[in-house]
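Enquirer: Encoded as C-alpha cells, here's the structure I'll be asking about.
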Amino acid sequence: MTTGKEKNLRSANWFGRRGKDGFIYRAWMKNQGIPHDMFEGKPVIGICNTWSELTPCNAHLRDLAEAVKKGVIEAGGFPVEFPVMSLGETLIKPTAMLYRNLASMDVEESIRANPIDGVVLLCGCDKTTPSLVMGACSVDLPTLVISGGPMLKGHWKGKHIGTSDVWRFDAAHKLGQITDQEFIEAEACMARTQGHCAVMGTAATMAVMVESLGLSLPDNAAIPAADARRKVLSRLSGRRIVDMVREDLTLSKLLTRKAFENAIMVNAAIGGSTNFVIHLLAIAGRIGVDLSIDDFDKFSQNIPLLANIQPSGIHYLEDLFYSGGLPALIREMKSIIHQDALTVNGKTMGQNCESAEVYNRDIIGTMEQPFKPESGIVVVRGNLAKDGAVIKPSAASPALLTHTGKAVVFENIEDYHARIDDPDLEIDATSVMVLKNVGPKGYPGMAEVGNMGLPKKLLEQGVTDMVRISDGRMSGTGFGTVILHVSPEAAVGGVLALVQNGDLITLNAHNRTLHLDVSEQELDARRNSWNQTETVHPRGYVHLYQTHVEQAHLGADMDFLKGGSGSTVTRDSH
Ligand code: FES
C-alpha cells in the first residue's frame, strides 16, 4: 500500500486544488462526514452502481458496493458510490435494449465529469453490463467489472427450474397442461434468491464476457449472488482497482484484439447468448478495436460446446461454479485461447487459469469430448440478409439447420399476436415464420421477440421447433432454430420487408446461407411498391435513437457515440 499523497492523480485536479475551487470541492465532501485525510491525495474509486428496485436482478448490488468500499479503503483508496441508469430486463417497456445506448451515455459522462481515478462497474441484468462497459470505454480510465452473480437454481415440484422454463411453462399453460395456480406457484419457485438469471442467458453471457475479456477477477462469471464468495470477490476487486490506478492499467491496455477473440471463443464454448454479438461489437466500437460480425463466425468455428448449461444444456450457473468455474473451462481451451492476454489483476489469462481444475465432467467437458460438436454463433448471409444474420446452433434443432419452407409473414409483433392462434392461419411444421419490423429502428430498440412462440394448433400436434426469421433479438434464455438480427432490417427497406406469404426461404446454416427464392425482377417490383410509413418518433430520446442507431451487424450503437473522448475535462472553472 502507498501512503501519503500519490502522484498524478486525476482527482487531484479537484481535491488537490488551492483557493476557492479546492475549498468547494472538499467542503461539500466533508458534509457527508468524511475526514480530510480520507480523500486528499488518495486514488478516488468510483463505484458505478446499477442498483435499483426496478432492476430486481441488481437489487443486492448495494451490499456488494459496501464490500468494494472496504477493499478500496484497505488498499489506501477512497471509494465513492454513484448511481447510473439501470436497465431491468423484466419491467422496462418497450425493451431495455432501446435504452442501452442512453445508459452508456450516463455512465460515460458521470465518470468523466467527476473526480474519479478508477472505476468499478457493478452490473448484472442483461443490458446493465454492456451499457456500463461501453460508457467506461469511451472514457478509458482503469476499470474493473463485478457482476451481481446468478440466482440459485429454482425448485418446483421436485425439479430444478430456471428462466428457460418460462417458455416451456408458457407452452404447457397454453395447452392446459399446467393450471393457472401452478403457473403462479412456479413464479415464486423459480426466482427465489437475489441475482440474475441462473441459466446461460444474456446476463450470464455478459458476466462470462467480462471475465474472458480480462475485465474482472477470475471466477466473476459464476459465483452465485447468494454465496459469500461474491462479497469476497467484490472486496478483492476493491483492493485491486486501487493498484490498477497506481499502475495506470486502463481499459484500452486490456481490451486488445486478442481479448475480443478470447471472448468470442469462450462464448462459443459456454453456449452464450446471441445478444453477445450486438454488445461485443458495440464495445469494440467504443474502444476502437476493429471487429466485424464475421469474426464471431470465424473464431467460433471448430469450438464445441464445453459447458452443459441451459438453454444449450441442462445445468445452471451455480453448477458451473461448483465444477471449477470459468477458469477451469478456459483452461480446457488452452490450446486455442490467447493465453498472453492481460487481465485486470495484472496476470495473463493463461496464468489465471493454469491451476484451475474441473471437478465435474457432467458440467464442463473437454475439447475432445464436448457436450455438442457445434456451438458458437453462425453468421448467415444471402439476399434476405445482405449484411448478415445470426443463429445459435447449440440452441437449434440440428434437423432444421438445413431447411426450405414457405414463408408465413407477420408484418409486426402486433400482427403476430393477433393471428398466431387463428385456427385459419395457413401454417404447418415445415413453414418458415417471418417477423418484420422488430429491428433497431423499426421496433424501436430491437425487441427480444425473435423466438416467437409456435401456433397453438401446431403445439397440440407435438411440434416443438420451427425455423423463425426476424430482424429482432432473442432472449439468451430462449432456444429454437431462430435466425436473428437480420441486417438490413425491414424498417430501412431490407429485403426482409419484401417477403410475402408463400415465398420459399432456404436456410443452410452449414453453408452460411439464407436465401429468399424470389427473382430480382420481382423483388424490384415489390421494392417499388413498398410503402413504409414514417415511424420515427417525433421527440425526445427515442427520436435521437431512431435517427442515429446503426444496424445490428454494427452493434446497434448510435453513430455519434462510437469511439471515446477520454477522461480530460477541458472547461473546469466555477
Ligand atoms: Fe435480469 Fe434475466 S431478467 S438477468
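Enquirer: If the viscosity is 0.890 mPa s and the temperature 25 °C, what Stokes-Einstein diffusion coefficient in µm²/s follows for the stretch 189-304 when Rh is the Kirkwood radius over Cα pairs?
Expert: 160 µm²/s
Enquirer: Still on this structure, please answer the following. Over 18 Å, how big is the tail of the calculated P(r) for the stretch 337-385, in percent of all Cα pairs?
Expert: Values: 692 of 1176 pairs.
When all Cα pairs of the stretch 337-385 are counted, 59 percent exceed 18 Å.
Enquirer: Let me check the size of the stretch 494-559 from its C-alpha atoms; what are the radius of gyration and Dmax in Å?
Expert: 15.9, 44
Enquirer: Related question: Mind checking which of THR143, PRO115, PRO130 is farthest towards the positive end of the stretch 112-160's charge dipole, using Cβ charges of +1 (Lys, Arg) and -1 (Asp, Glu) about the Cα centre?
Expert: PRO130
Enquirer: Turning to a different aspect of this structure: Under 19 Å from the 7 Å Cα→Cβ point of LYS20, by amide nitrogen: which residues of the stretch 532-574?
Expert: Zone members listed by number: 571-574.
Enquirer: To continue, here is another question. Placing +1 on the Cβ of each Lys and Arg and -1 on the Cβ of each Asp and Glu in the stretch 459-536, which of LEU498, MET474, LEU516 has its Cα farthest towards the positive end of the resulting dipole?
Expert: My answer, from the dipole projection, is MET474.
Enquirer: With Cβ to Cβ distances under 14 Å as the rule, what net charge do the other residues near MET29 carry (K, R +1; D, E -1)?
Expert: Details: positive: ARG17, ARG26, LYS30, LYS42; negative: ASP21, ASP37, GLU40, GLU81.
With Lys, Arg at +1 and Asp, Glu at -1, the net is 0.
Enquirer: Suppose every K and R has +1 on its Cβ and every D and E has -1 on its Cβ; what is the size of the dipole of the stretch 435-574 about the Cα centre, in Debye to the nearest 20?
Expert: Values: 12 positive and 15 negative charges, 58 e Å.
Rounded to the nearest 20 debye, it is 280 debye.
Enquirer: On a straight-distance basis, which lysines could pair with LYS93 in a cross-link, Cα separation under 23 angstrom, same-chain partners fewer than 8 positions away excluded?
Expert: LYS127, LYS436, LYS441
Enquirer: May I have the pair-distance distribution P(r) for the stretch 139-230, computed from all Cα-Cα distances with 5 Å bins from 0 and rounded to whole percent?
Expert: Over the stretch 139-230, the share of Cα pairs per 5 Å bin runs 3, 14, 20, 19, 14, 11, 8, 6, 4, 2, 1 percent.
Enquirer: Also, I was wondering about something else. Rounded to a whole number, what is D in µm²/s for the stretch 446-574 from Stokes-Einstein with the Kirkwood radius over alpha-carbon pairs (25 °C, 0.890 mPa s)? Please report the intermediate quantities before stating the final value.
Expert: Numbers: Rh = 18.0 Å.
The calculation lands on 136 µm²/s.
Enquirer: For the pair LYS386 and GLU426, how long in nm is the line joining their label points, each one 7 Å along Cα→Cβ?
Expert: It works out to 3.0 nm between the two label points.
Enquirer: Taking the Cβ-Cβ separation of LYS334 and GLU109 as r and a Förster radius of 41 Å, what is the calculated FRET efficiency to the nearest 0.05?
Expert: On the way: r = 40 Å, r/R0 = 0.98.
Once the sixth-power term is evaluated, E becomes 0.55.
Enquirer: Where does the chain land at 222 nm, in deg cm²/dmol rounded to the nearest 500, when only DSSP H runs of n ≥ 4 count, each adding -39500 (n - 2.57), divided by all residues?
Expert: -10000 deg cm²/dmol
Enquirer: Here's another thing I want to ask about it. Where only protein heavy atoms count, and the probe is 1.4 Å, what is the accessible area per residue for the stretch 445-523 in Å²? Don't skip to the answer; put the middle values down first.
Expert: Values: 2410 Å² over 79 residues.
So the stretch 445-523 comes to 30 Å² accessible per residue, rounded to a whole number.
Enquirer: Considering the dipole of the chain built from charges on the beta carbon (Lys and Arg +1, Asp and Glu -1) around the Cα centre, which of ILE420, GLY158, VAL434 is farthest to its positive end?
Expert: GLY158
Enquirer: Along its three principal axes, how long is the stretch 9-106 when you only count alpha carbons? Whole Å, largest extent first please.
Expert: 49, 27, 23
Enquirer: Mind putting a number on the dipole of the chain about its Cα centre? Charges go on the C-beta only, +1 for Lys and Arg and -1 for Asp and Glu, and I need it in Debye to the nearest 20. Kindly include the intermediate steps, with their values, before the conclusion.
Expert: Values: 56 positive and 66 negative charges, 394 e Å.
Once rounded to the nearest 20, the dipole reads 1900 debye.
Enquirer: Jot down the per residue volume, in cubic angstrom and as a whole number, of the convex hull over the alpha-carbon atoms of the stretch 262-351. All intermediate terms of the calculation are to be shown ahead of the outcome.
Expert: Numbers: hull volume 10.0 nm³, N = 90.
For the stretch 262-351, the hull spanned by Cα atoms encloses 111 Å³ per residue.
Enquirer: Which whole-number percentage describes the relative contact order of the chain, with Cα contacts under 8 Å and a sequence gap of 6 or more?
Expert: On the way: 1348 pairs, mean separation 78.5, N = 574.
Dividing the mean separation by the residue count of the chain yields 14 percent.
Enquirer: Please quote Rg/Rh for the stretch 414-505 to two decimal places, taking the Kirkwood radius as Rh and restricting both calculations to Cα atoms.
Expert: On the way: Rg = 12.8 Å, Rh = 13.5 Å.
Reported Rg/Rh, Kirkwood definition of Rh: 0.95.
Enquirer: Using every alpha carbon pair in the stretch 311-444, what percent of pairs falls into each 5 Å bin from 0 up to the bin containing the largest distance?
Expert: Final binned percentages: 2, 8, 11, 14, 14, 12, 9, 10, 10, 6, 3, 1, 0.
Enquirer: Percentage of Cα-Cα pair distances in the stretch 431-482 greater than 13 Å, rounded to whole percent?
Expert: Details: 748 of 1326 pairs.
Percent of Cα pairs beyond 13 Å in the stretch 431-482: 56.
Enquirer: Give me the log10 of I(q) over I(0) for the stretch 224-268 at q = 0.14, 0.20, 0.24 Å⁻¹, as the Debye formula computes it from C-alpha points; what are the numbers?
Expert: Treating every Cα as an identical point scatterer, log10 I(q)/I(0) equals -0.55, -0.86, -0.86.
Enquirer: In the P(r) worked out for the stretch 312-371, what percent of Cα pairs fall beyond 20 Å? List each step's numbers first, then the result.
Expert: Numbers: 474 of 1770 pairs.
Considering the stretch 312-371, 27 percent of its Cα-Cα pairs are separated by more than 20 Å.
Enquirer: For GLU261, what charge total do you get from the other residues with a beta carbon under 14 Å from its beta carbon, if Lys and Arg give +1 and Asp and Glu give -1?
Expert: Values: positive: ARG257, LYS258, LYS298; negative: ASP290, ASP294, ASP295, ASP297, ASP340.
Surrounding charge for GLU261 is -2.
Enquirer: Using only alpha carbons, build the gyration tensor for the stretch 254-295 and give me the equivalent ellipsoid semi-axes, biggest first, whole Å.
Expert: Semi-axes, largest first: 16, 12, 8 Å.
Enquirer: I've got another one for you. With the crude spin-label approximation of a point 7 Å out along Cα→Cβ, what separation in nm comes out for ASP559 versus ASP294?
Expert: With each label placed 7 Å out from Cα toward Cβ, I get 2.3 nm.
Enquirer: If you don't mind, another one. Filter the trypsin sites (Lys or Arg not before Pro) in the stretch 3-51 to those in DSSP coil with at most 16 other Cβ atoms within 10 Å of their Cβ, and list the result.
Expert: On the way: sites: LYS5, LYS7, ARG10, ARG17, ARG18, LYS20, ARG26, LYS30; in loops: LYS5, LYS7, ARG10, ARG17, ARG18.
The qualifying sites are LYS5, LYS7, ARG17, ARG18.
Enquirer: If you don't mind, there's one more thing I want to ask. Quick one: if you stick a label point 7 Å off each Cα along the C-beta vector at GLN461 and LYS93, how many nm between them?
Expert: Simple spin-label model gives 3.4 nm for this pair.
Enquirer: Give me a comma-separated list of calculated 3J(HN,Hα) values for the stretch 481-496, in order, Karplus coefficients 6.51, -1.76, 1.60 applied at θ = phi - 60°, integers in Hz, x for any Gly or Pro.
Expert: 8, 10, 9, 10, 6, 4, 10, x, 6, 4, 5, 9, x, x, 4, 3
Enquirer: Taking one equal scatterer on every alpha-carbon of the chain, how large is log10 of I(q)/I(0) by Debye at q = 0.05 1/Å?
Expert: -0.21
Enquirer: Follow-up. Give me, ordered by chain and number, the residues 5 or more places off GLY148 or on other chains with an amide H under 5 Å from its own placed amide H.
Expert: Counting only residues 5 or more places away or on other chains, the set is CYS123, GLY124.
Enquirer: Anything over 28 Å Cα to Cα? Flag those among LYS42/LYS562; LYS258/LYS372; LYS69/LYS334, in the order listed.
Expert: Working: LYS42/LYS562 32 Å; LYS258/LYS372 25 Å; LYS69/LYS334 35 Å.
Where the Cα-Cα span goes over 28 Å, the pairs concerned are LYS42/LYS562; LYS69/LYS334.
Enquirer: Related question: What's the FRET efficiency of GLN521 with SER567 using the Cβ-Cβ distance as r and R₀ = 35 Å, to the nearest 0.05?
Expert: Numbers: r = 55 Å, r/R0 = 1.58.
Computed FRET efficiency for GLN521 and SER567: 0.05.
Enquirer: Hey, another quick one. On full extension of the chain, what length is gained from THR402 through ASN8, given 0.36 nm per residue of separation minus the C-alpha to C-alpha distance? Could you put the intermediate results ahead of the total?
Expert: Values: separation 394, 0.36 × 394 = 141.84 nm, distance 5.93 nm.
Length gained, THR402 through ASN8: 135.9 nm.
Enquirer: Binning every alpha carbon pair distance of the stretch 471-532 at 10 Å from zero, what are the percents per bin?
Expert: All Cα pairs, binned at 10 Å, distribute as 18, 48, 28, 6, 0 percent.
The values are calculated or read from the model by the stated rules, or taken from the named source; none is laboratory data. A quick note: this is a predicted structure, and the numbers were derived from the prediction, not measured. Glycine gets a Cβ as well: all are built from the backbone with ideal geometry, and neighbour counts include every protein chain shown. The area values use the complete protein model at the heavy-atom level, side chains included, leaving out ligands, DNA and RNA. Shrake-Rupley method; radii C 1.70, N 1.55, O 1.52, S 1.80 Å.
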